[in-house]
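J.: I am attaching a structure below and will ask some questions about it afterwards.
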Amino acid sequence: MDSGGSVSSKIPVYFQHNRGFIYDVEDYLTLRFTHRIAGNLIGVPASKPRNSHVFGLPAALSAYELKLALEKGLVALVDRTSGLERDPDDGLRQQYEDLVRRQVTEQKAPVVEKRIREFRSYLPKIVEGKRKKLLKSGVKEEDIQIDPEQLIAEESRKVEAMEFDRLIQIPMEHPLNTERAIIDFDLSGDYERLKYRVFRDIWEKQNVFISGGDAFGCDFLLYPGDPLYYHASHMIHVLADADHRLDVKYMIRCCRLSVVVNKICVFAYAQRDTGDICYQTVEWEGNVGNEF
């Protein structure tokens with residue numbers, strides 16, 4: 001396994017519920033645009049919280065993406081389970097209280113700024129209104145002294161003391177400095193390991209993006225570019241048994257499915273004698289496109 005580079009220089013991937021999650025946007029963009037590991041965005045974007053068609057961080061990595069990123073030394077797999085299962089000590093409680101106070105201050109500051117800005121825009125009318133009120137109460141014109149800056153200071157103190165509706169901020173990445181451990185990850189079962197070998201072989205030899213193919217009834221989907229901009233071009237079926245590729249009915253089912261979704265059908269398998277990963281592209285006669 002290639003584990004070059006220090007842990008601090010690697011992208012942290014947090015291991016939760018047997019999956020790897022990325023919470024930092026810069027880390028995610030690096031994996032996606034530099035290393036062609038796209039993951040699956042499963043969170044709700046802050047700008048569109050009620051949009052069910054747009055997703056944001058965190059990004060969940062598939063088992064194959066996680067294994068590949070670990071082997072290439074791109075990420076460090078972080079497990080915080082032991083620290084999160086224990087009751088928080090006084091230090092963590094203090095961290096949390098400081099975090100809440102900071103969030104309240106950050107939310108309150110722009111509200112106060114907006115109120116004072118609005119107060120300043122109406123300041124000439126406010127000063128004139130106070131002058132007329134004093135005159136009406138019997139104060140002589142020459143005795144009236146109204147300091148605009150003093151009015152602003154008084155308004156600032158009043159606004160600072162007001163209670164505001166606070167947004168409930170749910171941090172994605174755990175905000176507290178809890179105990180963590182760097183762990184490894186492996187796949188279980190011969191078939192899962194074979195699928196990973198196919199995934200890695202394609203990633204290393206082809207300049208494409210690879211995603212899971214469950215929605216299309218295959219093992220992997222291949223994209224000629226970023227899935228944000230391109231449709232998948234190939235459907236990959238990984239055969240546990242190399243002889244299975246000769247099953248006519250199975251081949252017909254896969255090929256008909258690929259035609260319906262306008263993709264190229266590819267069978268991947270390991271050679272019995274050498275163990276090398278091989279590929280077989282199958283299309284209907286007269287419908288030959290770019291071979292894999």
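The values are calculated or read from the model by the stated rules, or taken from the named source; none is laboratory data. The structure displayed is predicted, hence computed values, not measured ones. So basically every Cβ, Gly included, is an ideal-geometry build from the backbone, and we count neighbours across all protein chains shown. With ligands, DNA and RNA removed, areas are computed over all heavy atoms of the protein, side chains included. Shrake-Rupley method; radii C 1.70, N 1.55, O 1.52, S 1.80 Å.
J.: Kindly check whether there is at least one residue in region 236-258 that is of a type in the set (Phe, Trp, Tyr) and under 21 Å from Ala63 (Cα atoms).
T.: The first filter runs over region 236-258 and keeps only residues of a type in the set (Phe, Trp, Tyr), leaving 250.
Subsequent filtering for residues that are under 21 Å from Ala63 (Cα atoms) retains none.
No: zero hits.
J.: Would you mention how many residues in region 10-68 are touching a Gly at 6+ places or on another chain (Cβ under 7 Å), open to solvent by 50 Å² or more (accessible area, probe 1.4 Å) and of a type in the set (Val, Ile, Thr)?
T.: 1
J.: Let me ask something else. Return the pair list, or none, for Cβ contacts closer than 9 Å from residues in region 254-283 that are at negative phi and without any contact (Cβ under 8 Å) to a residue 60 or more places away in the chain to residues that are part of a helix (DSSP H, G or I) and of a type in the set (Phe, Trp, Tyr), at least 6 apart or on different chains.
T.: These pairs meet every condition: Leu257/Phe216; Ser258/Phe216; Val261/Phe216; Lys263/Phe216.
J.: So, in region 247-258, exactly how many residues are under 11 Å from Val282 (Cα atoms) and open to solvent by less than 70 Å² (accessible area, probe 1.4 Å)? Give the steps one after another, and end with the answer.
T.: Initially, region 247-258 is screened for residues under 11 Å from Val282 (Cα atoms), giving 251-252, 254-256, 258.
Keeping just the survivors that are open to solvent by less than 70 Å² (accessible area, probe 1.4 Å) gives 251, 254-255, 258.
Selection size over region 247-258: 4.
J.: What's the total number of residues in region 192-232 that are touching a residue at least 12 places away in the same chain (Cβ under 8 Å) and under 17 Å from Lys67 (Cα atoms)?
T.: 17
J.: Any idea which of Arg115, Arg101 is of a type in the set (D, E, K, R), surrounded by 14 or more Cβ atoms within 10 Å (Cβ to Cβ) and farther than 25 Å from Asp214 by Cα? Lay out the reasoning, then the answer.
T.: Numbers: Arg101 fails: surrounded by 14 or more Cβ atoms within 10 Å (Cβ to Cβ).
Criteria check complete, one pass: Arg115.
Conditions tested, residue by residue: (1) on the phi > 0 side of the Ramachandran plot; (2) touching a Phe, Trp or Tyr at 6+ places or on another chain (Cβ under 8 Å).
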site	(1), (2)
Thr30	no, no
Thr34	no, no
Leu41	no, yes
His53	no, no
Ala69	no, no
Gly73	yes, no
Leu77	no, yes
Val100	no, no
Glu113	no, no
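J.: Just for region 163-197: of the residues that are open to solvent by less than 100 Å² (accessible area, probe 1.4 Å) and among the β-branched types (Val, Ile, Thr), which one is nearest to Tyr279 (Cα to Cα)?
T.: Residue satisfying both the conditions and the ranking: Ile183.
J.: Let me ask something else about it. What is the one condition in (1) within 17 Å of Tyr269 (Cβ to Cβ); (2) at pLDDT below 90 that Ile252 does not satisfy?
T.: So the condition that Ile252 fails would be (1).
J.: Just to check your reading of the model, which residue among Glu179, Glu173, Glu192 is more than 16 Å from Phe267 (Cα to Cα) and more than 22 Å from the chain's Cα centre (by Cα)?
T.: It is Glu179.
J.: Go through (1) within 29 Å of Arg101 (Cα to Cα); (2) open to solvent by 100 Å² or more (accessible area, probe 1.4 Å); (3) among the aromatic types (Phe, Trp, Tyr) and name the single condition Tyr122 misses.
T.: In the conditions (1) within 29 Å of Arg101 (Cα to Cα); (2) open to solvent by 100 Å² or more (accessible area, probe 1.4 Å); (3) among the aromatic types (Phe, Trp, Tyr), Tyr122 misses (1) alone.
J.: Same structure again: So Val159 clears everything in (1) of a type outside the set (Ser, Thr, Tyr); (2) surrounded by 13 or more Cβ atoms within 10 Å (Cβ to Cβ); (3) within 25 Å of Val75 (Cβ to Cβ) except one condition, right? Which one?
T.: Tallying (1) of a type outside the set (Ser, Thr, Tyr); (2) surrounded by 13 or more Cβ atoms within 10 Å (Cβ to Cβ); (3) within 25 Å of Val75 (Cβ to Cβ), Val159 fails exactly one: (3).
J.: Take residues that are over 19 Å from Ile183 (Cβ atoms) and within 14 Å of the chain's Cα centre (by Cα) and tell me which of the helices (runs of 4 or more DSSP H) falling wholly in region 17-92 contain 1 or more. Before the answer, list the steps.
T.: On the way: elements: 25-35, 63-71, 81-85.
By residue number, 25-35.
J.: Of all residues in region 198-227, which are under 23 Å from Ile11 (Cα atoms) and surrounded by 18 or more Cβ atoms within 10 Å (Cβ to Cβ)?
T.: Once the filter is applied, which keeps residues that are under 23 Å from Ile11 (Cα atoms) and surrounded by 18 or more Cβ atoms within 10 Å (Cβ to Cβ), region 198-227 yields Phe199, Ile202, Trp203, Val208, Phe209, Ile210, Ser211.
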